[in-house]
Structure formats: structure tokens, C-alpha cells
1. From other protein chains only, count the Cβ atoms within 10 Å of every residue's Cβ in B:104-111, then give the mean.
2. For the stretch B:90-100, just list the computed ³J(HN,Hα) in residue order, Karplus coefficients 6.51, -1.76 and 1.60, θ = phi - 60°, integers in Hz, with x standing in for Gly and Pro.
3. What does the charge add up to near B:Ser75, with Lys and Arg as +1, Asp and Glu as -1, over the other residues with Cβ less than 12 Å from its Cβ?
4. How many percent of the accessible area of the protein assembly as shown is carbon or sulfur, using a 1.4 Å probe?
5. Given a 1.4 Å probe, how much area per residue of the stretch A:6-86 is accessible, in Å²?
6. 7 Å from Cα along Cα→Cβ at both B:Glu14 and A:Lys71: what's the point-to-point distance in nm?
7. Enumerate the lysines that B:Lys57 could reach by cross-link, defined here as Cα to Cα under 18 Å, with residues fewer than 8 away along the same chain left out.
8. Name the residues whose placed amide hydrogens come within less than 5 Å of the amide hydrogen of A:Ser85, ignoring near sequence neighbours (fewer than 5 apart) on the same chain.
Amino acid sequence: GENVEQHPSTLSVQEGDSAVIKCTYSDSASNYFPWYKQELGKRPQLIIDIRSNVGEKKDQRIAVTLNKTAKHFSLHITETQPEDSAVYFCAASAGGSNYKLTFGKGTLLTVNP
Amino acid sequence: GAGVSQSPSNKVTEKGKDVELRCDPISGHTALYWYRQSLGQGLEFLIYFQGNSAPDKSGLPSDRFSAERTGGSVSTLTIQRTQQEDSAVYLCASSPSQSQPQHFGDGTRLSIL
């Protein structure tokens, strides 16, 4: 089955700096890659997603890049703010389906004022 | 409702008891998913519903776990003869269809004493 590795497990940055979180996946048939933000005690919220026919997608300060050949994708947050502090999860759809998401173990991002 | 609703938000029960967790998906969403999130871990897929049918139950950990969905809406996840390792946050998500982004509820935090 699909395996998703996420790095780093923790990341601390200064306000205004950029943050990058990287994920690798094992199933070459995976074609959908969402990113979720989860604040402490709250529900995971979808912040951006990308499909395998696109190499990059941007939404204001957040961007995701996908390298299908290398089977890795990354989340980039620019001009970080304290409210960006949360756990971020990457995920990949397994076996070419769009419903069965396999998640990474998460990255705890701390943005220091 | 505005989002996915889950109840109860917290459940504490004794080992060996049965528990029932409820999920109300976003109105009109035909696809519904259950995930489990253990402390410090990513989300683990349990089961997927399309309408009232469950085409994929492959993530259910044992035959003590079952789920049903009625009227293409509400779903219940039942855990029989609970064990301490069942302690986790159980998250429900829904999407308009299989190929569209999943939106999560707040989860039920289950604690087995």
C-alpha cells in the first residue's frame, strides 16, 4: 500500500521567514495530494491541494510543488505569521483512487513573533 | 449544517464496553469517510462510504469495528468490546463526491479506561 513520509517533524521559524515541509510517497499511481492544517484540539482544515497533472499551485502565501518523477511534494509558506503555528499534514491518494488518503505523521510548525 | 458534525465530542468508557460514534456529513455530500488519529500520529483511514454502501472497509482494525450509513446521510461507527488501544480521536469527513476534497469534523475523543 501507499506510504507517505513527512519531514521535518518539528519546524521553528521567525515571523516573516519562509517555511518548507516536504513529503515523499511510494505509490506512483497516486494522483491527488492535499495539505491539511490542524490547530490544537481542532479539526484538520484543507489549505491547499494539487493533482498530478499540475507541477505547482499557489494560493496567496501558500504554495505546493509536486515532482512526480521523484515522488515528492512540498508545502511552502512565505511571510509566516504567528497564526500559521499548527500541525501540518500532507496526504496522498492511494492506488489511483481519490478517496483513500494516506497521511504523513505531521509537522509541528511554530512561528515565533 | 455548515460543516461536518460529530457526536459525542468526548467519550470515556470502560474496557469491554461497546461505543457508538455519530457523524452528520455536510448536506448533499455523497461520500463519507472515517479516520482514526492516535496521539502524535497522522490520520489512519478506516472506511469509505459512497451513499449507503461501503466499497472500502480495508482500514477497519478488527471485526470489533463496524460502521453503517443510512439515508445517504448520517453514519455511525461502532466499536464492540473496547480495548485500551482503541483510545484515539475518531474523525469523520465528507465530500460532494469521491474525487473532491474531504472536509473534516471536530472528531470524537475516545478514552478507554
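The values are calculated or read from the model by the stated rules, or taken from the named source; none is laboratory data. Since the model is a prediction, treat every value here as computed from it, not as a measurement. Using ideal geometry, Cβ is built from the backbone for each residue, glycine included, and neighbour counts are taken over all protein chains shown. Keep in mind that these areas ignore ligands, DNA and RNA; they rest on the heavy atoms of the full protein, side chains included. Shrake-Rupley method; radii C 1.70, N 1.55, O 1.52, S 1.80 Å.
1. So the per-residue partner count for this stretch is 2.
2. 9, 10, 10, 9, 9, 8, x, 8, 4, 8, 10
3. Neighbour charge sum, excluding B:Ser75 itself: -1.
4. 45 percent
5. Computed with neighbouring chains in place, this is 54 Å² per residue.
6. For B:Glu14 paired with A:Lys71, the spin-label model returns 4.8 nm.
7. Candidates past the 8-residue exclusion: A:Lys100.
8. Those lying under 5 Å, H to H, from A:Ser85 are A:Val111.
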